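Working notes, structure below.
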């Protein structure tokens with residue numbers, strides 16, 4: 001089995017050797033050796049459960065920070081749909097435009113919603129599901145950790161994976177194309193920077209499954225960028241730019257069961273949390 005890049009790593013000096021992370025790991029990728037946790041890279045799926053569980057903060061997510069904007073001549077932010085749920089009283093497109101405008105105030109040159117990519121994936125999924133009923137059950141590939149979980153623990157389900165890129169990849173390709181047309185710059189001078197909600201997608205960017213290279217260049221965590229956006233939100237709300245391009249379907253992907261509800265079908269089963277996903281796949 002090939003070794004993947006992993007976004008989750010261990011700060012050994014902070015590890016106390018407790019087994020909380022072992023209990024939560026869905027692929028048994030963690031063992032304690034010589035009093036310290038050890039991650040078996042071949043089995044890690046970057047779900048982040050060990051990060052959430054570790055009381056000593058010995059597990060960390062290796063992500064990028066806002067200073068990475070200096071690596072490129074032109075940068076485009078890709079906010080995940082789940083970013084909007086971090087703010088109170090988001091009721092209409094004006095509120096979303098205020099958030100997107102605040103993102104530009106951080107130094108980005110443009111912004112492109114991942115929710116727009118979600119709408120493309122939704123339409124393609126509807127067509128695929130209708131044309132491939134013999135393949136049921138069909139498993140979404142929107143979450144990289146679920147894809148890696150199936151690869152590691154449920155290889156007999158690989159043929160049931162939906163053969164579509166996740167929304168963030170669709171959005172990144174569209175954002176890069178738009179930026180190149182708008183600026184005349186070469187692709188290498190443009191930075192597509194994902195505002196990521198999880199460690200899983202950070203790992204995907206560095207080493208995506210099913211393709212050689214992602215269209216995304218960097219990933220900044222929502223937890224890191226949220227307070228920066230919040231600091232500019234009041235000013236952005238006074239005169240928000242018209243930046244939103246996604247509709248209700250795409251934005252809905254950021255809510256529980258949002259992806260399934262977008263398909264407008266009763267024939268689905270959704271699961272939140274890696275433990276519940278494991279139970280569904282086992283069944």
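Readers should treat all values here as calculations from the given coordinates under stated rules, not as data from a laboratory. None of the values given here were measured: they were computed from a predicted structure. Virtual Cβ from ideal backbone geometry, glycine too; neighbours counted across all protein chains shown.
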**Report entry** P(r), alpha carbons of the range 1-127 - 10 Å bins starting at zero, rounded %
**Finding:** 11, 27, 25, 27, 10, 0
Query raised in the report: Taking R0 as 30 Å, what's the FRET efficiency between residue 12 and residue 228 from their Cβ-Cβ distance, rounded to 0.05?
Result: 0.50
Query raised in the report: For labels at residue 56 and residue 106 in the simple 7 Å Cα→Cβ model, what's the distance in nm?
Result: 3.2 nm
Query - Label-point gap, in nm, between residue 245 and residue 212 - each point 7 angstrom along Cα→Cβ - result: 2.6 nm
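What FRET efficiency do you get for residue 138 and residue 73 if R0 is 30 Å and r is their Cβ-Cβ distance, rounded to the nearest 0.05?
Numbers: r = 41 Å, r/R0 = 1.37.
According to the calculation, E is roughly 0.15.
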Query raised in the report: Can you give the FRET efficiency for residue 266 and residue 159, using 1/(1 + (r/R0)^6), R0 = 25 Å, r = Cβ-Cβ distance, to the nearest 0.05?
Result: 0.55
Query raised in the report: Counting every Cα pair in the range 86-209, what percent are over 22 Å apart?
Result: 48 percent
Report task. Post the alpha-carbon centroid distance, the range 169-234 to the range 43-67, in whole angstrom. Result -> 19 Å
Query raised in the report: Taking Cα pairs under 8 Å and at least six residues apart, what relative contact order does the chain come out at, in percent?
Result: 25 percent
Report task. Averaging sequence separations of C-alpha pairs under 8 Å and six or more residues apart, then dividing by the length of the range 11-163, give the relative contact order as a whole percent. Result -> 19 percent
Query - Cα gyration tensor shape of the range 1-75, rounded if a/c is under 1.5, else prolate or oblate by comparing a/b with b/c - result: prolate
Query raised in the report: According to a simple spin-label model (label point 7 Å from Cα along Cα-to-Cβ), what is the distance in nm between residue 65 and residue 87?
Result: 2.4 nm
Query - Contour excess over end-to-end distance, with Cα ends at residue 182 and residue 283 and 0.36 nm allotted per residue - result: 31.4 nm
Report summary line: With the convex hull built on the alpha-carbon atoms of the range 92-152, volume per residue in Å³ sits at 131 Å³
Query raised in the report: So what is the relative contact order of the range 176-258, in percent, for Cα pairs below 8 Å that sit 6 or more residues apart?
Result: 23 percent
